[in-house]
Every structure is written in structure tokens, then in C-alpha cells.
Amino acid sequence: MRPIRLMGPVMLAAMLPAAVTAQDLSEARVKELVREAIRENPAIVMDAVQLLEQRQQVAEQAQAQTVLRDRRDLLERDPNAPVLGNPDGDVTVVEFFDYNCPYCRRVMPEVQALLEEDPNVRLVYREWPILGDGSVFAARAALAARKQGKYEEFHWAMMGMNGRAEEDSVLRIAREVGLDIDRMRADMQAPEVDMHIETSMELTRALGFQGTTSFVIGHALVPGLVEKDVLADQVDRARSEAD
């Protein structure tokens, strides 16, 4: 009984003969017909699965566009999110990242090259610590560094470090960039730090992001490791759409 329920009406409709519907038959007969259809044409299972996946993808894309429309200000203009590049730039790139994400570290030079090439890009960073306690500590430390005017310096140093971001390595980087450690530890517990991380978690769930690194550029979701040229193309597209 349970497999039939899990299939749902779309998959059943794809498997049953054209002149037969599940509503016309008992559950036992439906199961028998489905087995016969699968034996005669095994590929029908993959066809039905692909159909469901396509419909799910369309629904997810529609949901993401709704989030981009309704929560644009929070994504791009949240005063509780660090901004690099040109604060008055005409195109905003939002990056969700984790300091322990290897893809985030590898994309760093691509992002830096974009900022150097295009002086009109605003880069909004959303700390999204999903790779363990070390990631959470690093994110909190980075957000606390804003109070001392050293977020950008600390961020680039963390992205360029060797090894995992854990409490000891984070504190070492913090000292190297000249942060007051006692003040940083106190600022790490500030309510706005909690709020930033909670908002990042909420936005990524709503957008359907599966992991770091993930970008939002205009109306486009750009997940994964991408090169500078891809980022630049998306920036140009966002700029043209805004004209």
C-alpha cells in the first residue's frame, strides 16, 4: 500500500494504461497494473521520476523568484550585513559562505578579481556557518570584527588561511590583523551577531540553497564554485535588467 501512496497521481497516471485511471480500480488492481506496466516497459519508471523532478524544479524556481522579489531589501540592504566593494555600486552581489568551505576559499580570488575589474559592484557577505562549531566561531568572530573596523581585513585573512577554522586558528588570525581579542569575544555574543546568522539560515532555506558557496546576483541564483567571468556575466545581466 505505501509505495502506491508515495508515487502520487502524476506517477500513477504515467504508468497506468491510457484508458484506465486509479480512481476506477481497487488498490490491489492498481498495484497489479503498475507491476505489469513496469515489466513491459521498465523505462517508464525513470520517465515518471524525471517528470516529477522537472515539476519540482519549476516549483522551486518559482518559489526562489518570489523570495527574490519580496525580500530583495533584506538580501541587498540589510544594515546588519557586511558590505565590501563599492557601497554605492549599482549592482549587488550577495555571497553566502562558510570559512571552512573549500569552494568558498577557492572562489575568493575570483571575487577579488571581480571587485578589481568592476568598481560599481557592491558585495554583501552573509555568514552561513554550516560546517561545524569552528565555522560558527569564525563567523561570530568575523561579525564581531566589524565593531573594530576590521571585518574586511579579517575576512580575507581567514579565507587565505591554511587548515580548518577552529577557535585556536581563528584567534591566531585575529591577533595577526590586530584585533582586540577580549573585545572581540564580548562582541561575538551581541544580539546582532545572532540575528545575522539566523537571517542567513532563513534566507538560504527560502531560496533553496543546498550549500556553500552560493551567490545571488540580480534575479539569478548562482550556487557553487564559479569563475570571475561567470560572476561578471551575471553582474552585466543584472545591470541590463535594471536599466
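The values are calculated or read from the model by the stated rules, or taken from the named source; none is laboratory data. No experiment lies behind these values; they were computed from the predicted model shown. So basically every Cβ, Gly included, is an ideal-geometry build from the backbone, and we count neighbours across all protein chains shown. Just so you know, the surface numbers come from the protein's heavy atoms only, side chains and all, with ligands and any DNA or RNA stripped out. Shrake-Rupley method; radii C 1.70, N 1.55, O 1.52, S 1.80 Å.
A few points about this structure:
- Point-to-point label distance, N162-D194, nm (Cα→Cβ direction, 7 Å offset): 3.9 nm
- If R0 equals 25 Å, the separation of the Cβ atoms of E116 and A242 corresponds to a calculated FRET efficiency of about 0.65.
- Distance distribution P(r), region 69-159, all Cα-Cα pairs, bin width 10 angstrom from 0: 16, 49, 32, 3 percent.
- By a 1.4 Å probe calculation restricted to protein chains, M201 has an accessible surface near 50 Å², given to the nearest 10.
- Between I181 and N41, the modelled label-to-label distance comes to 6.9 nm, taking each label 7 Å out from Cα in the direction of the beta carbon.
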